[in-house]
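Colleague: Can you read through this structure? Questions will come right after.
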Amino acid sequence: MIGSFIVSYQTAEVLAGGYNLGLNLFVDVAHGKASGMSSVTQAINPPLDVQLPVHGTVTDMTVMPKNTHHLVVLESSDKTLGRHINVRLVTTDDWQTGTANVTLFLDTAQGVVQFTSEVKAVKVAQK
């Protein structure tokens, strides 16, 4: 895909007590940039619900002809809040599925949380 577009990703399969990653992104392929909102939730007691703005870069990775993936590297904009997120998302050529490696820095006893999540593009209802 060339140009700019909006895409939303959600964790493809959330296990009980597992982390749920959500990304709502504006991707500018021509300039190699992406920005938007990230959310990480977990159904535990007390529940985890972190939402942070993110921005970063988009890079095409072609290892063979007709075998292209996209690397989206994101981080939260403001590290002074006590919470910070780093996301490395590798998507398929059509941007529909991918794998995200997430590092979440929390201002709670949990400290640093790291997880990997298979994601899929989802349609978001427009308001």
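The values are calculated or read from the model by the stated rules, or taken from the named source; none is laboratory data. Remember, it's a predicted structure, so these values are computed and weren't measured experimentally. Don't worry about glycine lacking a Cβ; one is built from the backbone with ideal geometry, like all the others, and counts go over all protein chains shown.
Colleague: Return only the number of the condition from (1) touching a Ser or Thr at 6+ places or on another chain (Cβ under 9 Å); (2) surrounded by fewer than 12 Cβ atoms within 10 Å (Cβ to Cβ); (3) part of a loop (DSSP other than H, G, I, E, B) that residue 14 does not satisfy.
Modeller: (2)
Colleague: Those residues that are under 15 Å from residue 19 (Cβ atoms) and surrounded by 16 or more Cβ atoms within 10 Å (Cβ to Cβ), I need them from the stretch 39-78; list them, please.
Modeller: Correct list: 40, 41, 42, 48, 50, 52.
Colleague: Okay, moving on. Would you confirm whether any residue within the stretch 92-113 is touching a Ser or Thr at 6+ places or on another chain (Cβ under 6 Å), part of a loop (DSSP other than H, G, I, E, B) and either surrounded by 13 or more Cβ atoms within 10 Å (Cβ to Cβ) or among the aromatic types (Phe, Trp, Tyr) (or both)? Can you show your working first?
Modeller: First, the residues of the stretch 92-113 that are touching a Ser or Thr at 6+ places or on another chain (Cβ under 6 Å): 93, 98, 100-101.
Cutting the leftovers down to part of a loop (DSSP other than H, G, I, E, B) gives us 93.
Next, only the ones that are either surrounded by 13 or more Cβ atoms within 10 Å (Cβ to Cβ) or among the aromatic types (Phe, Trp, Tyr) (or both) stay: 93.
Scanning the stretch 92-113, I find at least one residue that is touching a Ser or Thr at 6+ places or on another chain (Cβ under 6 Å), part of a loop (DSSP other than H, G, I, E, B) and either surrounded by 13 or more Cβ atoms within 10 Å (Cβ to Cβ) or among the aromatic types (Phe, Trp, Tyr) (or both), so the answer is yes.
Colleague: Return only the number of the condition from (1) touching an Asp or Glu at 6+ places or on another chain (Cβ under 8 Å); (2) on the phi > 0 side of the Ramachandran plot; (3) surrounded by 13 or more Cβ atoms within 10 Å (Cβ to Cβ); (4) not aliphatic (A, V, I, L, M) that residue 82 does not satisfy.
Modeller: Exception for residue 82: condition (3).
Colleague: Please determine, by comparing only the residues of the stretch 99-127 that are out of contact with any Gly (no Cβ under 9 Å at 6 or more places or on another chain) and of a type in the set (D, E, K, R), which one is modelled with the highest pLDDT.
Modeller: 123
Colleague: Kindly establish whether residue 49 is in a loop (DSSP other than H, G, I, E, B), modelled with pLDDT of 90 or more and not aromatic (Phe, Trp, Tyr).
Modeller: no
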